[in-house]
Amino acid sequence: MTELKHYFAPTSLDQAVECLKDGDVTILAGGTDLTPQSQAGRLKIKQTLMNIRHIPQLSGITLEGKEIRIGALTTITEIMEHPLIRERLPVLVVACDHFASDQIRNAGTIGGNICNASPAGDMLIPLLVLDACVELASMPENKIYRHCMPLSTFFVGPGKTRKSLCELVTSVRIPLPAEGHVAHFYKHGTRPALDISTISIGVAGTFRDGTLSNVRVAFGAVAPTPVRASQTEQALEGQRLDEATIEKIAQIARDEVKPIDDVRATAWYRKEMIHNITKRILSHVAQA
Amino acid sequence: MNVAEKKARVIEPDTLIGKRIPKMDAPEKASGKTRYIHDINLSGQLHGKILRSDRIHALIKSIDTSAAKALPGVHAVITAADIPDQRPIGVAKDHFPLKVGRVRSERDEIAAVAAESEEIAEAALKLIKVEYEDLPVISNPEDAIKPDAILIHPEPHGADGSHEHLKQGMSIAHKGKPDNIAMRFDYVHGDVIQGEAESDVVIEDTFKLHYVTHCCMGVSGMIAEFDSSGNLLMYSNTQVPFLHKREFAEYLNMDPARIRIIQPPIGGGFGSKLDIYPFEVICLYLARAAKRPVKMLFTREEEFLASPTRQPVLLTLRSGCKKDGTLTFRQVHTLHDNGAYTSWGATTPFVMMQTFSSLYRVPHCDYHTAAVYTNNPYAGSFRGYGNLQATFAIEQHMDMLAEKIGMDPLEFRLKNAQDAGETTGQGMSFKSCGFKDCINTAAQRSDYARKVQENVANRNAAGNIKRGVGMASMLHVGGGAKIYPSDGCGTILKMDDFANITLITGASEIGQGSETVLSQLVCEELGLPISAVTVVNNDTAITPWDVGVHASRTTFIAGNSAIGAAKKAKAKILAVAATKYECAESDLDLRGGFVIKAANGEAVVELSKLLRNLHFQDKAELVMTTFYYEPPSVHQDKGFKGDVSAAYAWGTQVVEVEVDTDTGIVKMTKVTGAHDVGRVLNRLGIEGQIEGGVIMGQGYALTEDLMIENGVMKNPNFRDYKLVTAPEIPEMDISFIESMDGEGPQGAKGVGEAPSICIAAATANAIFNATGVRIYELPFTPERVYRALRGQTPKLYWKPWKAN
Ligand SMILES: Cc1cc2nc3c(=O)[nH]c(=O)nc-3n(C[C@H](O)[C@H](O)[C@H](O)COP(=O)(O)OP(=O)(O)OC[C@H]3O[C@@H](n4cnc5c(N)ncnc54)[C@H](O)[C@@H]3O)c2cc1C
């Protein structure tokens, strides 16, 4: 059952953030999380359901200075097919390619994936290793207020973020990768399509002369939120990727994560996969 | 067209057999126009919903429905107390549709509501208050069989604690059971002790088979309506309309003659509609109570929770052979987790023992099953009917025995495979038998022998991807199965004045393509195109008797029945034509819509014209025939012996895999199948049947797993219950062995269940071939395989009870 009383489909950002002022609003983007969750009774639709799909400011992929901005409403399909993304952020394309199925990719948005804050959210891991920021908008007085928050501090628990009830996610901003930047994403599931990650791994950094620097490592589905792996990052920073180092780092990664048992896998298996796949990705980087 | 030309017209011989004929229902289904039960709405109809238990095993202390009854829009709220004449249902008559006093599993039905909308019915369910007193849960069959186990169906006691007086002939639902054993099966031929003494090699292993479920795309449903005279009309998804009609009559205490079942097209059966389930009877109770039509449809979650599963089995197999490769004996003990109630799953030993006794030449065989009650979901029939489980064990042992004696696994199989003319220890007599052809064809086309060697050699090579190839074969009934006193099917065939045919058959269409194949067989006899046929097969008030869709029987049994009716029609037509054209009947034949001269194909008269002549005369006659076909099979005797099927189907499948040793992910890359189908009737249809079956087998082997923990289903949804998706489907190479069965329609045998049977067994062998690790438990999920590869899987062993 729901308390739903009003349906609102704003056509501008102003209207949307204004509506959010009283906080008793459920935001609807693609609905691919919202619908199943509300039907299963895990999420209660509030008094007002606000469909944000008619707000032009929320869509589009653009190059803004040294940043790529992806509007919150951009669908997974749009990201996957966009030339700018394909050229400059190919790791996002890999994540899109392993995301759900065509039908879901056509409806599901990047803003929805971020706000749903699932520990297994597939876009979140590559975004984390790309140093992405979330742009939020609200209307504390009578004017739109915008600010950015690094994605690495955005998540607080399954389905929980630092975003306040009055805020709307308007875009995600990604710094343009520099020369020599490499980024990898691996999603481990039991099947190639329509699967929730058992674990996922993102690794990025600058690869020069056999060493990785400026390292970012993130893991999905091993903690209540997608996480950056600081110990693994530190261990990797500036290291030559020879076989022994790779094995050592894979072990650090395995020991760093604290996953749980659930219907998809046991904690033991998840740790093993973190080890094996980290190793696989690093060997791949080393060989390139 | 002038007369001279017409006379000269010659109709060339043609045949429909073996052609690729699109299914007659395909255009409607593909365009979304088919009206399933979900699309049917009767005026004045109410919506029924069931309140299920929120405990696994508990006494029901009280049920309060008053608030639900008071909700506007609610027309009926019923519990067991409202139906004093409830009769127990199911294969062992061990449960009531609405549970009385006690719940024994998660799906148990406590109350039901009929209301003006689904939403109101749902809201009403939430208003029903139930008080329970929890009982200990038994979720492991090994616990259930212990002597001190608490009982799932205890004998009721009187108020003073004494046993209630139990009348003879009362059902388990009334009188309970002194132990948790739902059914036992004990079969023997030869003497396994002697067999073991003659063996050079003996192995024993335990295998564990899991829960899976049918996952029909169309969820279960029913619409029931009583008319003003008290006649009952049901729209039902049953696979067994005639037998169920009788059963429903019994449950409602009414005359079966007043029940009519209409079967709308169904969105999948696969055996799941072979029993009557509580929801169906409850829907009837609601319609009776509300005096309005009631429609009941499952949600997807309910479909998982409350439809039957495949039978989970714990199985210990002991087998032996001589050094020369001759099989000596098989001894089998199985523990079947019956769940809380008994449906067809408990009877899968009928099929399993056939496989153990008769797949390959087995001189001595001993088979024992105990199906035990637990608080788990209950198992029903499912395509393959126990044969997937049996074959999983046997075919792994075939590889293991071959390895022990150092014999090539292919040679070992061929040495023990039967030929036509043999009769097995269980009395199955193989009139046609393409077993060795199946093995040889599948092996050659997949290059099995070379790959087996090569993969073994590459096991320790660098790289995380290991290739494997594995083989398994199967034996299944292919000419019906005489499990009821009759295994027959009736046909009524009617021709109109345009030479169109109405084929009225008892055989239900459940998506398997029976309409098309039956039309083909009839048209083949009468020389007409498929487009001339309208099939009527879904209304017990019209169609003749049949015992239902099961045991891969429809093409064989209903096919022979349809041919019988067509032959009678043909005889009548030729007799009329012979009189009219003053020649012998044997000089004439039917072809291309004409009566022709048999000798040269010259058209004599258009068939439609002849039929019109027959109709428009003062002594008008109609071409309308009936036929009933009963196969020449026999009932098993008390020791389960006998030739139960009129024909037996064989098949061999070779599965190729790539195992990722870093993750345990098994990718099925190719399936090469060879199936003895007697004869290919509709090539398109049979390919579809095989491909679908292979994928079902793949799901059983690799991904599908209904997880039950302490009686609770953990994954009643398609997110966590993983069906195979399109990108995972392997390449397939399918060959048909045409052994031309003497009894089969045009030589054909049944094949509906066959293609899913071998896949899991062959996959197990392929994983071993790739990695040298044998896994005894399904499914081969990444984690299970990975654990086994890392030596983290303790050897499974279930100690069977001592036989005899
Ligand atoms: C069959 C299926 C398969 C799936 N497979 C995957 C998969 O492989 N990988 C994966 O990561 N996910 C998967 N998902 C989950 C889902 O598709 C994604 O999380 C998707 O990105 C959600 O986007 P949406 O636009 O549909 O979000 P919605 O459902 O519309 O919204 C999700 C949540 O975010 C909030 N929200 C949405 N947009 C904003 C905004 N701009 N500002 C503030 N709050 C907002 C909503 O209020 C809601 O709480 C799957 C879902 C389904 C049904």
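The values are calculated or read from the model by the stated rules, or taken from the named source; none is laboratory data. This one's a predicted model, so the numbers in the text were calculated from it and none came from an experiment. Note that we place each Cβ from the backbone using ideal geometry, even for glycine, and neighbour counts take in every protein chain shown.
From the list B:Gly651, B:Gly593, which residue is not acidic (Asp, Glu) and not assigned by TED's automatic domain parsing to the domain that holds B:Gly425? Please lay out each step first, then the result.
Working: B:Gly651 fails: not assigned by TED's automatic domain parsing to the domain that holds B:Gly425.
After ruling out the rest, the residue left standing is B:Gly593.
I'd like the residue in region A:21-72 that is closer than 25 Å to A:Asp131 by Cα and hydroxyl-bearing (Ser, Thr, Tyr) and, out of all such residues, is surrounded by the most Cβ atoms within 10 Å (Cβ to Cβ). Among those that are closer than 25 Å to A:Asp131 by Cα and hydroxyl-bearing (Ser, Thr, Tyr), it is A:Ser59.
Restricting attention to region B:660-678 and to residues that are within 14 Å of chain A (Cβ to nearest Cβ) and hydrophobic (A, V, I, L, M, F, W, C), the residue that is surrounded by the most Cβ atoms within 10 Å (Cβ to Cβ) turns out to be B:Val666. In region A:55-82, the residues that are closer than 10 Å to A:Thr109 by Cα form Cβ pairs under 8 Å with partners that are assigned to a loop (DSSP other than H, G, I, E, B) and charged (D, E, K, R), at six or more places apart or across chains, as follows: A:Leu73/A:Arg53. Within the span defined as region A:42-51, one or more residues are within 11 Å of the ligand (Cβ to nearest atom), on the phi < 0 side of the Ramachandran plot and among the β-branched types (Val, Ile, Thr).
Is it fair to say A:Ile274 is within 14 Å of chain B (Cβ to nearest Cβ), surrounded by 18 or more Cβ atoms within 10 Å (Cβ to Cβ) and not aromatic (Phe, Trp, Tyr)? Lay out the reasoning, then the answer.
Details: within 14 Å of chain B (Cβ to nearest Cβ): yes; surrounded by 18 or more Cβ atoms within 10 Å (Cβ to Cβ): yes; not aromatic (Phe, Trp, Tyr): yes.
Taking the combined requirement at face value, the residue satisfies it.
Take the residues of region A:249-271 that are more than 21 Å from B:Asp705 (Cα to Cα) and of a type in the set (Gly, Ala, Ser): which is farthest from the other protein chains (Cβ to nearest Cβ)? Even if it seems obvious, please write down each step before you answer.
Our first condition is that a residue be more than 21 Å from B:Asp705 (Cα to Cα); within region A:249-271, this holds for A:249-259, A:271.
Now narrow it down to the ones that are of a type in the set (Gly, Ala, Ser): A:250, A:253.
On the way: A:Ala250: 11, A:Ala253: 14 Å.
By that ranking, first place goes to A:Ala253.
Taking the condition more than 18 Å from the chain's Cα centre (by Cα) and either away from the ligand (no atom under 14 Å from the Cβ) or at pLDDT below 95 (or both), does A:Glu64 pass? For A:Glu64, the condition - more than 18 Å from the chain's Cα centre (by Cα) and either away from the ligand (no atom under 14 Å from the Cβ) or at pLDDT below 95 (or both) - is met.
If you scan region A:191-209, which residues turn out to be more than 12 Å from the ligand (Cβ to nearest atom) and touching a helix residue (DSSP H, G or I) at 6+ places or on another chain (Cβ under 7 Å)?
Step one: of region A:191-209, the residues more than 12 Å from the ligand (Cβ to nearest atom) are A:199, A:201-209.
Listed by number, the residues that qualify are A:Ile199, A:Ile201, A:Gly202, A:Val203, A:Ala204, A:Phe207.
The residues of region B:753-780 that are of a type in the set (Ser, Thr, Tyr) and surrounded by fewer than 23 Cβ atoms within 10 Å (Cβ to Cβ), listed by number, are B:Thr771, B:Tyr776. Output the number of residues of region B:190-242 satisfying the condition of being farther than 30 Å from B:Gln698 by Cα, touching a His at 6+ places or on another chain (Cβ under 7 Å) and not aliphatic (A, V, I, L, M). Going through region B:190-242 one residue at a time, the tally reaches 4. Restricting the search to helices (runs of 4 or more DSSP H) fully inside region B:233-314 and requiring at least 2 residues that are closer than 28 Å to B:Val712 by Cα and outside the structural domain of B:Gly384 (by TED's automatic domain parsing) gives B:278-290, B:300-306. The residues of region B:439-491 that are over 24 Å from B:Lys667 (Cβ atoms) and assigned to a strand (DSSP E or B), listed by number, are B:Leu475, B:His476, B:Val477, B:Cys489, B:Gly490, B:Thr491. Considering region B:444-472, and only residues there that are under 30 Å from B:Pro745 (Cβ atoms) and surrounded by fewer than 23 Cβ atoms within 10 Å (Cβ to Cβ), the residue that is farthest from the other protein chains (Cβ to nearest Cβ) turns out to be B:Gln444. For B:Pro178, indicate whether it is exposed (fewer than 14 other Cβ atoms within 10 Å of the Cβ) and either part of a loop (DSSP other than H, G, I, E, B) or without any contact (Cβ under 8 Å) to a residue 12 or more places away in the chain (or both). So B:Pro178 fits the description; yes. Of all residues in region A:77-113, those satisfying the criterion of being farther than 18 Å from A:Thr170 by Cβ, within 12 Å of the ligand (Cβ to nearest atom) and assigned to a helix (DSSP H, G or I) are A:Thr77, A:Ala95, A:Cys96, A:Asp97, A:Asp102, A:Gln103, A:Ile104, A:Arg105, A:Asn106, A:Ala107. B:Arg784 meets the conditions (1) surrounded by fewer than 24 Cβ atoms within 10 Å (Cβ to Cβ); (2) in a loop (DSSP other than H, G, I, E, B); (3) of a type outside the set (Asp, Glu) in every case but one. The failed one is (2).
How many residues does region A:183-198 hold that are assigned to a strand (DSSP E or B) and at the interface with chain B (Cβ under 9 Å from one of its Cβ atoms)? Before the answer, list the steps.
Residues of region A:183-198 assigned to a strand (DSSP E or B): A:183-188.
Now restrict to residues that are at the interface with chain B (Cβ under 9 Å from one of its Cβ atoms): A:188.
Counting residues in region A:183-198 that are assigned to a strand (DSSP E or B) and at the interface with chain B (Cβ under 9 Å from one of its Cβ atoms) gives 1.
Return the residues of region A:233-274 that are polar (S, T, N, Q) and in a helix (DSSP H, G or I); say none if nothing qualifies. Correct list: A:Gln234, A:Thr245, A:Gln251. For region A:114-129, filtering for residues that are near the ligand (Cβ under 6 Å from one of its atoms) and assigned to a helix (DSSP H, G or I) leaves 2. Filter region B:21-49 for residues that are in contact with a Pro (Cβ under 6 Å, 6 or more places away or on another chain) and part of a helix (DSSP H, G or I) and give the result. B:Ile37, the sole residue that qualifies. Across region B:716-736, the number of residues qualifying as under 12 Å from B:Gly673 (Cβ atoms) and within 11 Å of chain A (Cβ to nearest Cβ) comes to 0.
Please determine whether any residue of region A:201-221 is part of a loop (DSSP other than H, G, I, E, B), buried (at least 17 other Cβ atoms within 10 Å of the Cβ) and in contact (Cβ under 8 Å) with a residue 24 or more places away in the chain. Walk me through how you get there before you give the answer.
Initially, region A:201-221 is screened for residues part of a loop (DSSP other than H, G, I, E, B), giving A:209-210, A:221.
Now drop any that are not buried (at least 17 other Cβ atoms within 10 Å of the Cβ), which leaves A:221.
Imposing the further condition that a residue be in contact (Cβ under 8 Å) with a residue 24 or more places away in the chain reduces the set to A:221.
Yes, region A:201-221 contains at least one residue that is part of a loop (DSSP other than H, G, I, E, B), buried (at least 17 other Cβ atoms within 10 Å of the Cβ) and in contact (Cβ under 8 Å) with a residue 24 or more places away in the chain.
Just so you know, in region A:147-182 the residues that are more than 16 Å from the ligand (Cβ to nearest atom) and assigned to a helix (DSSP H, G or I) include one that is farthest from the chain's Cα centre (by Cα), and it is A:Thr153.
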